[in-house]
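K.L.:
Here's a structure for you.
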Amino acid sequence: MNAQPNTVLIYPLVLPDKIHLLWASQGGVLSSITCPIGENQLNRMVKDFQDALQSPSNLTSVKQQGKALYDCLIKPLEEKGDWEKNKIQNLVIAPIAPSTTFRSAHCLMVSSS
């Protein structure tokens, strides 16, 4: 299987006290960053987002919870500048196997436009 051009793979390594985010493209690992959010807090954020999605009539809550996850998992990578330089258009986020919250989560595509 060949990767689409301008695609980046985000691989989160979730630890009890932090998350290491690695991202790679066809050329190899582009960079990494560490977020000071641990597994329990991340699971809580995902659960809050899932709960908000169950009540889509509360669009404000859905947006707030989605933005919290975006700010944690996507924004730090975007701010490093590699994305603009490499013209990244597609994101693939690797599943986080150890986390029970993520095992049943559906994949969501996030667009910055």
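Just so it is clear, none of the values below were taken in a lab; they were calculated from the coordinates. Since this is a predicted model, take the numbers as computed values, not measurements. Heads up, the Cβs are rebuilt from the backbone with ideal geometry, glycines too, and the neighbour counts pull from every protein chain shown.
K.L.:
Between LEU15 and LYS47, 0.36 nm times their residue separation minus their Cα-Cα distance comes to what?
P.N.:
My answer for the length gained is 9.8 nm.
K.L.:
Let me ask something additional. Between ILE93 and residues 5 or more places away or on another chain, which pairs have amide H atoms under 5 Å apart, with H built 1.01 Å from N, and which residues are they?
P.N.:
Amide H to amide H, under 5 Å and 5 or more residues apart or across chains, ILE93 pairs with ILE10.
K.L.:
With a Förster radius of 35 Å, plug the Cβ-Cβ distance of LYS63 and GLN26 into 1/(1 + (r/R0)^6) and report the FRET value to the nearest 0.05.
P.N.:
Calculated transfer efficiency: 0.60.
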